[in-house]
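Here the structure comes first, spelled out in structure tokens, and everything after it is commentary.
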């Protein structure tokens with residue numbers, strides 16, 4: 001039976017994180033994940049996770065100075081100190097609340113200096129995370145929604161993961177982003193499964209719930225199950241309506 005995680009960066013995003021965790025439990029999700037939980041007390045998050053019995057799968061490093069245009073720091077050549085500070089913060093917070101994955105955000109950058117910087121910061125992150133039993137994730141983001149983001153394709157991510165060679169550095173495979181940039185989800189999932197650490201999904205092209213659009217998620221979820229992936233799949237979509245009004249898909253896809 002397919003299991004699902006609610007990404008609380010988009011679902012129930014109008015509520016404090018502990019309340020969003022409780023809402024996900026009531027709705028029937030098997031786990032939760034988030035974007036930037038740092039304004040929430042770790043103690044309050046832990047209490048909500050214990051109360052609901054849900055696991056927090058992942059969280060992101062801070063983006064940096066969002067008002068100044070930052071969307072991640074790890075590939076920015078002049079910001080190594082800032083990048084490692086937010087990496088340390090994310091690993092510490094994840095360890096505190098029992099989250100197994102930290103997504104290290106690359107940011108807006110390009111070129112060889114950016115690649116060297118990203119490799120160095122990811123190597124640092126993987127080393128720091130390993131001592132806490134945490135996996136570092138990197139996620140290609142599509143160039144339509146996030147133009148100029150350093151990491152945009154699965155082949156680029158796979159090459160970085162191979163170069164660093166850390167067992168706890170994995171690919172965050174977001175079906176929405178991959179479909180927009182590359183397509184061919186079935187074959188890419190099969191090819192990349194050995195390095196995939198988490199899978200997310202949303203409808204294409206509107207990033208809504210997975211019950212419409214150009215991706216046949218009933219097929220994709222069946223492929224994922226046949227490939228032996230049994231961790232919860234992350235619902236990271238824009239609800240458009242109140243989140244509870246967008247969850248008809250949850251029951252229909254759970255039995256896959």
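The values are calculated or read from the model by the stated rules, or taken from the named source; none is laboratory data. What you are looking at is a predicted structure, and each value in this text was computed from that prediction instead of being measured. Counting neighbours? That spans all protein chains shown, and the Cβs are built from the backbone with ideal geometry, glycine included.
Test residue 78 against the stated conditions and say whether it is assigned to a loop (DSSP other than H, G, I, E, B) and at pLDDT 95 or above. Criteria not met by residue 78.
When the stretch 1-20 is limited to residues that are touching a helix residue (DSSP H, G or I) at 6+ places or on another chain (Cβ under 9 Å) and outside any loop (DSSP other than H, G, I, E, B), the one that is surrounded by the most Cβ atoms within 10 Å (Cβ to Cβ) turns out to be 6. Helices (runs of 4 or more DSSP H) fully within the stretch 105-187 that include at least 2 residues being over 24 Å from residue 218 (Cβ atoms) and out of contact with any helix residue (DSSP H, G or I) (no Cβ under 9 Å at 6 or more places or on another chain): 112-130, 154-164. I'm told residue 23 meets every condition in (1) buried (at least 16 other Cβ atoms within 10 Å of the Cβ); (2) out of contact with any helix residue (DSSP H, G or I) (no Cβ under 9 Å at 6 or more places or on another chain) except one. Can you identify the failing condition by its number? Condition (2) is where residue 23 drops out. Scanning the stretch 175-191 for residues that are within 15 Å of residue 203 (Cβ to Cβ) and surrounded by 21 or more Cβ atoms within 10 Å (Cβ to Cβ) returns 175, 176, 177, 178, 179, 185. Look at the stretch 78-96: where a residue is in contact (Cβ under 8 Å) with a residue 40 or more places away in the chain and a partner is surrounded by fewer than 18 Cβ atoms within 10 Å (Cβ to Cβ), sitting 6+ places away or on another chain with Cβ atoms under 8 Å, you get 80/120; 89/38; 91/132; 93/38; 93/42; 94/132; 96/42; 96/46. Here is a check on your reading of the model: is residue 172 surrounded by fewer than 21 Cβ atoms within 10 Å (Cβ to Cβ) and touching a strand residue (DSSP E or B) at 6+ places or on another chain (Cβ under 7 Å)? When the stated conditions are applied, residue 172 does not pass them.
The residue pairs whose first member lies in the stretch 221-244 and is surrounded by 17 or more Cβ atoms within 10 Å (Cβ to Cβ), whose second member is in a helix (DSSP H, G or I) and at pLDDT below 95, and whose beta carbons are closer than 7 Å, counting only pairs six or more residues apart or on different chains, are 221/253.
As a summary of the residue check, residue 62 satisfies the conditions (1) assigned to a loop (DSSP other than H, G, I, E, B); (2) in contact with a strand residue (DSSP E or B) (Cβ under 8 Å, 6 or more places away or on another chain); (3) crowded, with 20+ Cβ neighbours inside 10 Å except for the one numbered (2).
Residues in the stretch 21-54 that are more than 22 Å from residue 218 (Cα to Cα), assigned to a helix (DSSP H, G or I) and in contact (Cβ under 8 Å) with a residue 40 or more places away in the chain: 23, 42, 45, 46, 49.
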